[in-house]
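I have placed the structure first, in the form of structure tokens, so that the comments after it can refer back to it.
The values are calculated or read from the model by the stated rules, or taken from the named source; none is laboratory data. What you see is a predicted model, and the numbers here were worked out from it, not measured in a lab. Virtual Cβ from ideal backbone geometry, glycine too; neighbours counted across all protein chains shown. With ligands, DNA and RNA removed, areas are computed over all heavy atoms of the protein, side chains included. Shrake-Rupley method; radii C 1.70, N 1.55, O 1.52, S 1.80 Å.
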Amino acid sequence: MRFGIVVFPGSNCDHDCRYVTEGLLKEPTALIWHKETTLPDIDALIIPGGFSYGDYLRAGAIARFSPVMRAVVDFAAKGGFVLGICNGFQILVESGLLPGALRRNRSLKFICKSVFVRVENHRTPFTSLYQPGQVLSLPIAHAEGNYYIDESGLARLKERNQIVFRYVTKEGALSDDANPNGSIDHIAGLCNEAGNVLGMMPHPERVADPLLGGEDGMKLFESLRRRGTLAAKEQPAYSNPRV
Amino acid sequence: MADVKQLAQNQGRPPERPSSHPVTDEEYQKIIELMGREPNSTELAIFSAMWSEHCSYKSSKVHLKRFPTKGEHVVQGPGENAGVVDIGGGWVAVFKIESHNHPSFIEPFQGAATGVGGILRDIFTMGARPVALLNSLRFGPLDVPKNRYLMEQVIAGIAGYGNCMGVPTVGGEIYFNEIYSKNPLVNVFCLGIAKKEEIVTAAAGGVGNPVIYVGSKTGRDGIHGATMASAELGQSEEKRHTVQVGDPFTEKLLLEACLEVMRTGHVIGIQDMGAAGLTSSSSEMAHRGGTGIEIDVSKVPSREPGMTPEEFMISESQERMLLVAKKGKEAEVEAIFKKWDLDIAVIGKVTGDRLLTIKERDRIVAQIPVAALTSEAPVYERPIATPKFQELIQSLNIEAIQEPKSYSEALRTLLASPTIASKEWVYRQYDHMVQTNTVIGPGGDAAVVRIKGTDLALAITVDGNSTYCLLNPYYGGAIAIAEAARNLVCVGAKPIALSDCLNFGNPERPETMWSFALCVEGMSEACDQFKIPVVSGNVSLYNETRGLGIYPTPIVGVIGLIEGMKEPLTAGFKRTNETIVLIGDTLEELGGSEYLKLLHSQERGYPPMLHFEKEKGVQRAVLTAAREGILSSAHDCSEGGLAVALAESCILSPASVGAMIALDPGTIRADACLFGESQSRIVVSVPEKHLPRLKALIEEASVPYSVLGTTGGNSLDIRLEGREPSIHLSVSEMKEVYSKGLKKYFD
């Protein structure tokens, strides 16, 4: 399993992700500079959190025009696994790999804290090792994580089972208080129709090491590794999560 | 060589000494002496910036010498961009605390943001990667809208900069007092780590080596920032042009590019352009290298046309660095900065003449001996006088203080006061987890960050109680250090080194210098006693607006070392049926307490005493117990005393564990027993089986202790032997009060 991590000049979770894939999972990991136009030979690509190009405009709005993004779009189109975390999610949305938009948090403030999310779809390459409906404790750290999509778009997401994580209470219930940023339908993460591209606001890489107070994020990377290892042996490289 | 006559002719007539270039008449005479002629306007601007209080430390220098600066861990003491200490395993910790008070009052968002930017540059300019930020803030009461505005904007500025940089803000402290309404304080602390051999200093060595400018273009922002910060404030709006505008994205590029270029070995020295910009960075680097520097301002990347040499020299545009590279390596250095899309220009060279020479193309516009700007700068032994009110405010008729009707209500009031209440509303806005090293984040006694690939971790805390310093500057200063060290011990760390930020009023007032001198003396004594050397620091004077100065406010940032990082030790109770022990003892000390301030509207009396031997014993016992892993929780008693410490251990308990406490106040007043702020006290909880070992450690340290009770239940019950009434508050109610005390002002 070979991981790649895109490094924009303002990425700041790139090394945190690498610490998980290379340091904890012991899988080879390539850092890919944003000025590259091709990707090395990898099975999964992570677009990490941070402030890609400063994000003085809408978060991720500039990053979509960066040289590397054309290669990322191609990689996704061919079925490569793409995981966008926080700013990475914003970039995936801006570049059209995922539908909808991420607006400013309803508090209009940056929020950094642990939240609870429920696994809504455990059949994606990113969530296969979680139990259906499992409640995870994951941290968020963002100012623009308020997911929005229009009504028909939302219906489509539901119909195709693209909602992967929802903000919930500790007990796993949906509630407005448990929704930290005002996201529509409590959405914390979603995948594309094919299921090989996941965007999520919470940071699974921050809870992969027990010393830091939790391990709930580790299974996401392990799921990806399992699927990637399987995919390397079999064809096709991915399968529809609805199956 | 400059033609001195030509320089004098350039100016045509003696400069008018504009008010924007303040130097005193005596200082002006000294300039003429050092120069051998009258300075021209550009030279005067340079002198005025470098001889400003902010850059020269002219009022504080004689006192700062008292600080102990050496110790087993010290690699680099004061005098560089930041201090460096050896933490073992080939690693060093690089850290410093700095103020950005004046700019934050004038323009709170940018003032605070650029404060963070400046301290970050001080760290990575040493070759270290910043791994943690903390801050210490002082504001006026939050029922005043202006104070809420200042606080909200300062927090947003700190968050905006640190979050974008990807450096976690892991802790801090905030106090509220009327005295800071017109002079809020913003002190920021940064810790970086590096391998020992990676440390780079800020000396310009090697005659002929290129002097290189990197980072943002220079504009007209922040002109006269250093001189602004060295005077009392009048109308803050008038000074807004002196505040710089921050660009954390560029700083992030600068960070990565600088660390990359330093790893090449082509860098001789590097310094950030902070206060007094190009002027201070060039002259200080030349001073440290025993060299001169020649700069052509026409080569400096500029943001706008028509800037004068003087503006180039004293602009405080942010995100800029000056570096001296090895001759012949310019292209390699340039390639790295180009990769990060940063401006870079060779603007001059190192010379052997020990002069700072400023040219605009072929024309020399200023030429000053480096020593005149640095080692020869004025040093003042300012007059000292005890304030007239000192005796009055130290007196307290304790008989006239009524015991509260309800102790539960008194505790609620303390927990709800913004100074004591949870700062969650603040640190929610800081990314405190990025870099995935934060073992203990904000909200506890001290923050802890681990160092990946090792079993080392560093604990960090910032502290300072200005009411104590007002009432007794010596003990106030000493207690700042004792308490910070105690905080570190509570997370199992051994305090190893310190950085200080001394915030005071106008040094031209003898009363200010009295408290300054005593604070430094008390701090120094504490440093000696605890063997914590001072390795870096900053002085911020003239914190006065229209004649009203702040309380003496020394803030210390202390780091502690944890070897063999396993389970973090925190303040909250963990399990029921564990024994709660108070290490240390409670005296009848109410002077300077939050209780007295909040419930009796009095800021007076004698602050609590500090007995160094007792303090050392308490810390030794707790540190050993923490290292042996026998403690379940540890929490220092500070503002609000024992009752607040116990309440916080319940509130911070992950399982909301309560406590049943029986106190024997003996001959002490009940309110002093509950809310007095006697020093050298730590509340721990310990499983029954480890109690004998803990007692043995305490006895070995020859310090007093008492078993207070046990953990359990869902409330805090404190019974005072032979007295009524007692305290009974549910944990959920305390959590509610504590969590809303500060937040409610912003909802």
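Beyond 26 Å between alpha-carbons counts as too far, so tell me which of A:LYS26/A:LYS113; B:LYS217/B:LYS252; A:LYS113/B:LYS195; A:LYS35/A:LYS219; A:LYS113/B:LYS338; B:LYS327/B:LYS359 fall in that bin. The answer is A:LYS26/A:LYS113; A:LYS113/B:LYS195; A:LYS35/A:LYS219; A:LYS113/B:LYS338. Phi-derived couplings, Karplus 6.51 cos²θ - 1.76 cosθ + 1.60 at θ = phi - 60°, listed residue by residue for region B:607-621: x, x, 7, 10, 9, 4, 5, 5, 4, 5, x, 4, 5, 5, 4 Hz, with x used for Gly and Pro. Between amide H atoms placed 1.01 Å from N, distances below 5 Å from B:ILE87 occur with B:VAL92, B:ALA93, all of them 5 or more places distant or on a separate chain.
Taking Cα centre as origin and charging only the Cβ of basic (Lys, Arg, +1) and acidic (Asp, Glu, -1) residues, the dipole magnitude of chain A rounds to 180 debye. Panel values: region B:176-221, Kirkwood radius from alpha carbon pairs, Stokes-Einstein at 20 °C and 1.002 mPa s, translational diffusion coefficient 131 µm²/s. Residues B:PHE109, B:PHE746, A:PHE8, sorted by accessible area with the largest first, give B:PHE109, B:PHE746, A:PHE8 [1.4 Å probe; ligands and nucleic acids excluded].
If I model region B:359-414 as equal point scatterers sitting on the Cα atoms and use the Debye formula, what is log10 I(q)/I(0) at q = 0.22, 0.25, 0.29 Å⁻¹? At q = 0.22, 0.25, 0.29 Å⁻¹ the computed log10 ratios are -0.98, -1.04, -1.10. Three semi-axes describe the equivalent ellipsoid of region B:508-612; taken as square roots of 5 times the Cα gyration tensor eigenvalues and ordered largest first, they are 32, 23, 15 Å. The value given for chain B is a Kirkwood hydrodynamic radius of 26.5 Å, derived from the mean inverse Cα-Cα separation. Only alpha carbons enter this Debye calculation for region B:654-719, each as an equal point scatterer, and the log10 of I(q)/I(0) it gives at q = 0.19, 0.27 Å⁻¹ is -0.95, -1.29.
Which one, B:LEU415, B:ILE698, B:SER678, projects farthest toward the positive side of the charge dipole computed for chain B from Cβ point charges (K/R +1, D/E -1)? Sorting the options by dipole projection puts first B:ILE698. At the listed q of 0.09, 0.14 Å⁻¹, the Debye profile of region B:277-416, built from one uniform point per Cα, gives log10 I(q)/I(0) equal to -0.51, -0.75. Taking amide H as placed 1.01 Å from N in the peptide plane, the amide H of B:ASP343 sits under 5 Å from that of B:GLY215, each at least 5 places away or on another chain. Once the gyration tensor of the Cα atoms in region B:382-455 is diagonalised, the equivalent ellipsoid follows with semi-axes of 40, 24, 12 Å, ordered largest first. A viscosity of 1.567 mPa s and a temperature of 4 °C, combined with the Kirkwood radius over C-alpha pairs in the Stokes-Einstein formula, give region B:104-152 a diffusion coefficient of 105 µm²/s. Amide H contacts under 5 Å for B:ALA132: B:LEU191, restricted to partners 5 or more places along the chain or on a different chain, H placed in the peptide plane at 1.01 Å from N.
Quick one: of B:LYS531/B:LYS616; A:LYS109/A:LYS170; B:LYS494/B:LYS689; B:LYS70/B:LYS452, which pairs are farther than 19 Å apart, Cα to Cα? Too far apart for the 19 Å limit: A:LYS109/A:LYS170; B:LYS494/B:LYS689; B:LYS70/B:LYS452. Every Cα-Cα pair in region B:581-637 was counted, and those over 14 Å apart are 64% of them. Scaled against the 2.2 N^0.38 Å expected of a compact globular protein of N residues, the Cα radius of gyration of region A:1-60 reads 1.13.
3J(HN,Hα) couplings calculated from phi for region B:289-297 with the Karplus curve 6.51 cos²θ - 1.76 cosθ + 1.60 (θ = phi - 60°) are, in sequence order, x, x, 10, x, 9, 10, 10, 9, 5 Hz; Gly and Pro show x. Rounded to the nearest 20, the size of the Cβ-charge dipole of region B:257-343 about its Cα centre is 420 debye, with Lys and Arg at +1 and Asp and Glu at -1. Here is the size of region B:538-589 from its Cα atoms: Rg then Dmax, 20.3, 57 Å. Working note: Cα atoms of region B:243-292, range along each principal axis, descending, whole Å: 35, 34, 10.
The value given for the protein assembly as shown is a Kirkwood hydrodynamic radius of 29.5 Å, derived from the mean inverse Cα-Cα separation. Normalised by 2.2 N^0.38 Å, where N is the number of residues, the C-alpha radius of gyration of region A:14-118 stands at 1.11.
Across region B:107-204, the fraction of Cα-Cα pairs farther apart than 15 Å, rounded to a whole number, is 61%. Across all Cα pairs in region B:442-598, the calculated P(r) in 10 Å bins from zero up to the longest distance comes to 11, 33, 33, 17, 6, 1 percent per bin. Think of region B:499-642 as a dipole: +1 on every Lys or Arg Cβ, -1 on every Asp or Glu Cβ, centred on the Cα centre; then among B:VAL534, B:GLY522, B:ALA625, B:ALA625 lies furthest on the positive end. Radius of gyration over Kirkwood radius for region A:46-105, both on Cα atoms: the Rg/Rh ratio is 0.94. Helix B:108-124 axis versus longest C-alpha principal axis of chain B: approximately 80°, rounded to the nearest ten. Between 0 and 90 degrees, the angle of helix B:731-743 with respect to the longest Cα principal axis of chain B falls at about 30 degrees. With all pairs of separate Cα atoms included, region B:604-719 yields a Kirkwood hydrodynamic radius of 14.9 Å.
The phi torsions of region B:391-397, fed into the Karplus equation with coefficients 6.51, -1.76 and 1.60 and a -60° offset, translate into couplings of 5, 4, 6, 7, 8, 8, 8 Hz, rounded to whole numbers, with Gly and Pro shown as x. Taking Cα atoms, how many degrees apart are the long axis of helix B:473-489 and the longest axis of chain B, rounded to 10 and kept between 0 and 90? The angle comes out at about 70 degrees. Computed over Cα pairs, the Kirkwood radius of chain A leads via Stokes-Einstein (1.567 mPa s, 4 °C) to a diffusion coefficient of 74 µm² per second. Ranking B:TYR161, B:TYR606 from most to least accessible surface, computed with a 1.4 Å probe over the protein chains only, gives B:TYR606, B:TYR161. Each of A:TYR130, B:ILE155, B:ALA478 was placed along the dipole of the protein assembly as shown (beta-carbon charges, centred on the mean Cα), and the one lying farthest toward the positive end is A:TYR130. Its Cα centre serving as origin, the protein assembly as shown has a Cβ charge dipole (Lys and Arg +1, Asp and Glu -1) of approximately 2060 debye.
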